[in-house]
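Quick notes on the structure that follows.
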Amino acid sequence: MSTRKNGGPAFPVPASESLPAVDGMTLRDYFAAKSLAGMASQYHEHWTEQRIAECAYELADAMLKERAK
């Protein structure tokens, strides 16, 4: 399993008396999802779904790297 930094939870919800804590999606997933919106507006017919997903996570990783500076 990869030990890649994921930025931690994007939308953590603290525990309450009746509900456990929830981490939600990682910041890496959130950045990737946001990247997809931009890529979808510039969609090209020759892009495969696999390549679009790879590009989204490549952008997310670059954002996390820049954020860590």
Which numbered condition in (1) of a type in the set (Gly, Ala, Ser); (2) out of contact with any strand residue (DSSP E or B) (no Cβ under 8 Å at 6 or more places or on another chain); (3) at positive phi is the only one that Gly7 fails? (2)
Can you name every residue in the stretch 1-23 that is surrounded by 13 or more Cβ atoms within 10 Å (Cβ to Cβ) and without any contact (Cβ under 8 Å) to a residue 24 or more places away in the chain? Pro9, Ala10
Given (1) of a type in the set (A, V, I, L, M); (2) open to solvent by 70 Å² or more (accessible area, probe 1.4 Å); (3) touching a strand residue (DSSP E or B) at 6+ places or on another chain (Cβ under 8 Å), index of the condition Leu27 fails: (2)
Per the filter on the stretch 1-29, residues assigned to a helix (DSSP H, G or I) and either touching a Gly at 6+ places or on another chain (Cβ under 8 Å) or among the polar types (S, T, N, Q) (or both) are Leu27, Arg28
Go through the stretch 1-37 residue by residue and tally those that are within 14 Å of the chain's Cα centre (by Cα) and modelled with pLDDT under 85. 11
If we keep only residues of the stretch 38-69 that are touching a helix residue (DSSP H, G or I) at 6+ places or on another chain (Cβ under 9 Å), of a type outside the set (A, V, I, L, M, F, W, C) and at pLDDT 90 or above, then the residue most open to solvent (accessible area, probe 1.4 Å) is Arg67
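The values are calculated or read from the model by the stated rules, or taken from the named source; none is laboratory data. Remember, it's a predicted structure, so these values are computed and weren't measured experimentally. Backbone-built Cβ (ideal geometry, glycine too); neighbour counts: all protein chains shown. Just so you know, the surface numbers come from the protein's heavy atoms only, side chains and all, with ligands and any DNA or RNA stripped out. Shrake-Rupley method; radii C 1.70, N 1.55, O 1.52, S 1.80 Å.
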